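Undergrad: If you scroll down you'll find the structure; I have some questions about it.
The values are calculated or read from the model by the stated rules, or taken from the named source; none is laboratory data. Just so we're clear, the structure is a prediction, and the values are computed from it rather than from any experiment. When we count neighbours, we look across all protein chains shown, and the Cβ atoms used for this are built from the backbone with ideal geometry, even at glycine. Please note that ligands, DNA and RNA were not included when accessible areas were found on the heavy atoms of the full protein model with its side chains. Shrake-Rupley method; radii C 1.70, N 1.55, O 1.52, S 1.80 Å.
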Amino acid sequence: MANTPVATHLHQKAFNNSFLPNIISIIKSGKIIAANHATGKLLGYTGKELLSKNFEDIFVGSNEHFKRIIKQRGIIGHSIGDLTVIKKNGKQIPCQVTSVIFAGDNHVKKAITTLVDRSEGIRRQTEIDVKKEKQVATEIILALSKSEAILNRLHNLEHKLDEEITAKEESMSESAIQRELFAKEWKAEIKLKAFQIADAITTAKQLERSDLGKELHDNVNQLLAASRLYMDLAKRNKINRDDNIDKSSEYTLTAIEEIRKLARGLVNNVVNNVGLCNAIHSMMDDLMKAYPIKITCKMDDDLNILMSSRFNLDVFRIVQEQLNNVVKHAKASRVKINLFRKGTDIVLTVIDNGVGFDVDKKVTGIGIINMKSRAASHQGLAEFISKLGKGCALTVSFPIEHSNDAAEL
């Protein structure tokens, strides 16, 4: 049924007074033929000024999302996505855009496009993320304080043992002379046990702090570095900006979750979940998306049965740290990763064609120290071969007998 003048008037009134910005444009030419009051308020144009614009004039036309949305709309008749809109004063704002094609008068194809400003939502999400980061920092401090409390309880047990030894000594001093020899032997044995307990407490402290430091540097620090990388890409390049922001947010949230698990003493080992090779490939894919670098990886299939979960995690952390060094310092275009069996050893190599460095200079970076420490924990040896301008080759050799579950236990 054809629209009556009254119906047409009501449709026009509803369009003009809608609280959401709406634009009607001709598909073929892109010319804007109608825009409501909310559109003018959002973009800073008068109604007359908007009618002199084309559809593409108010969007960042080089954005890949814009091109995909236009293509999708032409294929299925409608599309939705996030685009950057340009205001009259040149300011750019993020908007969710919904565009639908319809047949107008004389069967001319037109489109009605609705804009939803996402600036406030993004600002609120940023505030939420900042609050979460502050909360995580508080949880870390609380967890560390709990760790100190546990160590203090161990000290109290040690002190209690000393008191028991003293009491026993006093009791023995009151005993008969014929038991003196036995008392001396008993005293020496108890003191030896006390020394062993004290030594175990000291070792536990060092291992706990060392492991926590390694996890923060090798895992959480890498996640936050990746988050910053994608955010920098989003700032520098309008193309794929939303994807890079989403990726940055994803890494930040993962880092927050990892810190929480560290604080609870339940660090999640993603390597155990997906396997060493898959974990390395996932890390490679992320780096190759962000950097102009080609990374390849080869691994002997039969190594899985030889390697424990702890060994897998340490190998992954070594590869992760070295790749981080390559992308930050080496300016390399190619990296090759190999993990294979050689005689009685398992050998890991990470080779790049970057600028290299002087291996004779004293190494002070915690990353390289951690790599060597992780290798040494499995009786392995990490060696660097490099010259200025000649790239770098990291080779880590592990005895097979120290890579399996039996060795771990």
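Undergrad: Hey, can you tell me all the residues within region 295-316 that are open to solvent by less than 10 Å² (accessible area, probe 1.4 Å) and closer than 15 Å to C277 by Cβ?
TA: Selection gives I295, L303, F311, V315.
Undergrad: Just name the residue that is least open to solvent (accessible area, probe 1.4 Å) out of those in region 54-91 that are in contact (Cβ under 8 Å) with a residue 60 or more places away in the chain and more than 21 Å from I27 (Cβ to Cβ).
TA: T84
Undergrad: Looking only at residues in region 287-306 that are modelled with pLDDT under 85 and in contact with a Leu (Cβ under 9 Å, 6 or more places away or on another chain), which one is nearest to V355 (Cα to Cα)?
TA: Here the answer is A290.
Undergrad: Still on this structure, I have one more. Starting from region 92-104, keep only residues that are outside any strand (DSSP E or B), then list their pairs with residues that are open to solvent by less than 60 Å² (accessible area, probe 1.4 Å) whose Cβ atoms are within a distance under 9 Å, requiring at least 6 positions of separation or different chains.
TA: Final answer for the pair search is G104/I24; G104/I26; G104/K110.
Undergrad: Could you check region 281-297 and list, in sequence order, the residues that are among the hydrophobic types (A, V, I, L, M, F, W, C) and within 17 Å of V350 (Cα to Cα)?
TA: Step one: filter region 281-297 for residues among the hydrophobic types (A, V, I, L, M, F, W, C), giving 283-284, 287-288, 290, 293, 295, 297.
M283, M284, L287, M288, I293, I295, C297, listed by residue number.
Undergrad: Let me ask something additional. Considering only residues that are surrounded by 13 or more Cβ atoms within 10 Å (Cβ to Cβ), of a type outside the set (S, T, N, Q) and within 11 Å of D358 (Cα to Cα), which ones fall in region 378-389?
TA: Result: F384, I385.
Undergrad: Can you find even one residue in region 332-351 that is aromatic (F, W, Y), in contact (Cβ under 8 Å) with a residue 24 or more places away in the chain and not in a helix (DSSP H, G or I)?
TA: yes
Undergrad: Go through (1) modelled with pLDDT of 85 or more; (2) in a helix (DSSP H, G or I); (3) surrounded by fewer than 18 Cβ atoms within 10 Å (Cβ to Cβ); (4) not aromatic (F, W, Y) and name the single condition E257 misses.
TA: (1)
Undergrad: Criterion first (more than 21 Å from R241 (Cα to Cα), of a type in the set (A, V, I, L, M) and open to solvent by less than 70 Å² (accessible area, probe 1.4 Å)) does L51 satisfy it?
TA: no
Undergrad: Name the residue that is least open to solvent (accessible area, probe 1.4 Å), counting only residues in region 219-242 that are free of Cβ contacts under 8 Å to residues at least 24 places away in the same chain and not charged (D, E, K, R).
TA: A234
Undergrad: A further question follows. Of the residues R73, R68, which is touching a strand residue (DSSP E or B) at 6+ places or on another chain (Cβ under 6 Å), basic (K, R) and not in a loop (DSSP other than H, G, I, E, B)?
TA: Values: R68 fails: touching a strand residue (DSSP E or B) at 6+ places or on another chain (Cβ under 6 Å).
Answer to the check: R73.
Undergrad: Among the numbered criteria (1) open to solvent by less than 60 Å² (accessible area, probe 1.4 Å); (2) at pLDDT below 80, which single criterion is violated by A375?
TA: (2)
Undergrad: So K298 fits all but one of (1) part of a loop (DSSP other than H, G, I, E, B); (2) more than 22 Å from the chain's Cα centre (by Cα); (3) not hydrophobic (A, V, I, L, M, F, W, C); what number is the exception?
TA: (1)
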